[in-house]
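This report refers to the structure that appears directly beneath it.
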Amino acid sequence: MNLTRWSARLPGTQRRAAAKPRSATTAGPGGGSVPSARAGLPGDPDPSAADPSVADPSSTGAGTASPPASPATPSSAQPALRPLEALSVRELLGQVPALIAVTYGPDHRTGHVNDAYTEVFGPRATGAPAREALPELAELGLLPLMDQVLRSGRPRTVKARKVTWHRQDGEGEPRDGYFTFTCTPLADTATCGVLVFGADVTDQVRSAMSLRDSERLQREAAVTLQRSLLPQELEQPDDLRVAATYQPGGTETAVGGDWYDVITLGAGRTALVIGDVMGRGLRAAAVMGQLRTAVRAYARLDLPPHEVIQLLDGLAAEIDATQIATCVYAVHDAGEGVLTYASAGHLPIVVRGADGTVRRAEGPTGPPLGTGSFPHASGTLPLEPGATAVLYTDGLVERRTEDIDEGVASLERALAGATGTPQVICDRLLRALGVTSDHDDDVAVLVLEHPKRTGAQAELFRDASLDLLGGVEAAPRARAFATGVLASWRFPVELRDLGVLAVSELVANSLQHGTPPMRLRLRRTDRRLIVEVTDGDDRLPRRRRAEPGDEAGRGISIIATIASTWGSRRTPGGGKTVWCEFVLPRK
């Protein structure tokens, strides 16, 4: 690195005739040929050489002449300027605002440090090894790097090392800064050396730190928002065991819009939903919260799954026409042992049957939510006692290095060997598919199990039904049937009387306003008694205020008064079901 060959001029200098510099070296304390800090560095001009820009007043002859004055500026008003070639290397390095240190030899003896280096680390003696004279280089880990530079002859760089220094007068608080150090070999000098160049990158590092802190705070806010929008505690239906987990992406990944929910519909029916809003950040989390709230509202209408998806599709387009989301909405009916579902561009449900066979849902799948008024359809899956179903988002199975079908196949293999409670199955699926805390996408998993009950536990889950044939005589038969069944289930007398009264009102309402076929079903779980009456008319009853003179219209009001909850829904084949529930007393 020959600094005397630079062709650039420092500000305020003019190009002049060059004076040939001569190098001077002096012996260092270690016995090597070390340039003296006072005598100058290689490339410094000979101090005895005359400056050609200044005339000697005692000399005369043709060889001396005053430089011509500029026609624009009088020579008397402008001081004499020295050419670049007349400046010593020491003077050049002294004007550089970066930290500069020059060392020589295999033990890196100190040859020179510039003013900027002295301001940060203090004055440094020359001639001594850098380990003694420049201890800060050892603290910064630069000495091994300098050894590599001498061996390889190639420059090396370390970025953004933190440096703390004090004022030379000892007053004031210490200052911190960040410097990027580049060690460059001086191969063309008499003795091999290293030039250490430290560039101040404090502003850049602090800007990057501020940006990282801002991104971290935004991500924490999005994660907090999303977790607050997800169910804090899942509803636990009587007939199912349910567990779910949400794993946000790694710290370098913005939070997504995955969500899940479990909604008890009543009468042994449970809605399960999982979805994924495309995109990341607070916007995706906010849209997810709106969709989840809408799903809960639509679920209370007890509509078929495809109708719920249809309503969500329209709502998603209203929330943000540019935002797309996938979703699967499923309803489990414990009495029928089936899972009815509708999918809007979501991945298929995976089910492990009671015999251990794993299969995926092959039913109809519509486009994602928010893409338009596409007619969605519902499909069904058997979910008999002993079966387990898994609903999940794409983060669980999607990998950049393989097709997503391979990921679903891996999920099927993992589910085939995953045993235990639904929560244990969730954890095992995450481990089996390699989902860790630094995963590149967020993951939501919902596992439901329809347990197979035997022995005393099976006695707590009973079912009895009666076809209502004939006319008005069906009412007394229904009351007698209910009395016998409730007595055999060993319910308290008060609960039996309320159950029989509910049967009488629901059957009378169906006989008066419905059409055949009619059917009464009684179900009990370990927590409640359920009464259902189904008929062929699809007009849903509504609770209304009966006037004192009205002879009808009080049946539903009576049901709403005596029962814990009640509701109605349309059946797939046409008709309706009206039901009510009674919470069993705790023993």
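What follows is calculated from the coordinates using simple rules that are stated; it is not laboratory data. Predicted model, so just to flag it, every value in this text is computed and none were measured. All Cβ positions, glycine included, derive from the backbone under ideal geometry; neighbour counts span all protein chains shown.
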* Structure fact -> In nanometres, the difference between 0.36 nm per residue of separation and the alpha-carbon distance of Ile558 and Glu91 is 157.9 nm
* **Paramagnetic reach from Ser373 in segment 314-335 [backbone N under 14 Å; point 7 Å along Cα→Cβ]** => 314-315, 317-318
* Structure fact -> Contour minus Cα-Cα span, Thr515 to Glu173, at 0.36 nm per residue, comes to 114.1 nm
* Distance between Cα centroids, segment 412-429 to segment 112-185: provide it in whole Å. => 57 Å
* Asked: Hey, which aspartates and glutamates would be in cross-link range of Lys159, C-alpha to C-alpha under 14 Å, not counting anything within fewer than 8 residues on its own chain?
  -> Asp200, Asp203
* Asked: Taking H as built 1.01 Å from N, whose amide H comes closer than 5 Å to the amide H of Asp441, not counting residues under 5 places away?
  -> Gly250
* Could you compute the FRET efficiency for Thr322 and Gln236, with r as their C-beta to C-beta distance and R0 at 22 Å, rounded to 0.05? => 0.05
* Evaluate the distance, in nm, between pseudo-label points positioned 7 Å from the Cα of Asp438 and of Glu220 along their respective Cα→Cβ axes. => 2.1 nm
